[in-house]
1. Roll a 1.4 angstrom probe over the protein heavy atoms and tell me the percent of accessible area of region 192-256 that is carbon or sulfur.
2. Output ³J(HN,Hα) for region 142-148: one whole-Hz value per residue in order, computed from phi by the Karplus curve 6.51 cos²θ - 1.76 cosθ + 1.60 with θ = phi - 60°, and x for Gly and Pro.
3. At a Förster radius of 35 Å, what calculated FRET efficiency corresponds to the Cβ-Cβ distance of R19 and I107, to the nearest 0.05?
4. W143 to I5: extension gain in nm, 0.36 nm per residue of separation minus the Cα-Cα distance?
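The values are calculated or read from the model by the stated rules, or taken from the named source; none is laboratory data. Only a predicted model underlies this, so the values are computations on that prediction, with no experimental measurement involved. In this analysis, Cβ positions are derived from the backbone assuming ideal geometry, glycine residues included, and neighbour counts consider all displayed protein chains. Areas reflect the complete protein model, heavy atoms only, side chains present, ligands, DNA and RNA absent. Shrake-Rupley method; radii C 1.70, N 1.55, O 1.52, S 1.80 Å.
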Amino acid sequence: MTPLIPRQVAPGWFWRWLRQGWELWQRRPVIWVTCGASFTVFNAVVPELLFTQAPFTILETTALFCVLRAIDHDSGHVWATAWGYFRHSGRDIAGLARDIFLIFLLISLVIFSLQWVSAAAAAGAHVLLPKPPTTPAYHRLPWWIRQGINQDNGIIYLSLFAPTAAPLMYVTLLVGHSLLQNFLAAFQGVARNIWPATVFFAAGWLASSGLHATIRFFPMKWYGELLLALYGAAWSFLGATAYLWCREMFEGVAQNAPQTQTAKATLALAN
């Protein structure tokens, strides 16, 4: 297993990643829509079972990274290439999902124990933002809307904005599953790129939390459907930004690969 040494990204990273992320999805806009829609439908339909949000997050986000890598190295067969990446790393992804599930299970058991001992103190410790009041109209929304919004908000945070989460998954795809070694590499990457990491995590967390809060002030079915679509689009676009950050930090690649399909088509016409 080859250890990765994270690099400090070059200046101008903010606008560069936004521009390059948009350029990647412009190559295959239908895949952007498909990824966003799949993310939304999955989270709206599949119920959140016991501590399963974390491993599902890993599966969804690593699959998105595989799709983005396939688009980046565009061969004209994005889905087949992405599936090849995912299948090749399947054992490592499953190992990471299993370990994170066990860690979340242990943490949750500790939290539940603390809540049982001192419910008031534990509940106060978990409040990160004031929760807006819930109206009866919110509870009258279809179950799949409330389910999808709650899960989408959590998965966006866990996969893209929680410290070291995206780098950890990216490193696992590159070099295989080794939780401690990969976590140290991800932590070093965040420490060496503290400003990009801080802006990335804070902006994403505030944005997802803000979107999540609005449904309680506007508990209408059409707004819930619009919010789910926004979450799907945001997850896909912000996932591209996370991919570009990790690519530049761990591989030193600061530019998107050229579109090989266009080059092949030009060559075929010339012949």
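1. Answer for region 192-256: carbon and sulfur cover 77 percent of the accessible area.
2. Per-residue couplings from phi come out as x, 4, 5, 6, 4, 4, x Hz.
3. So, using R0 = 35 Å, E works out to roughly 0.40.
4. The span from W143 to I5 would gain 45.1 nm if fully extended.
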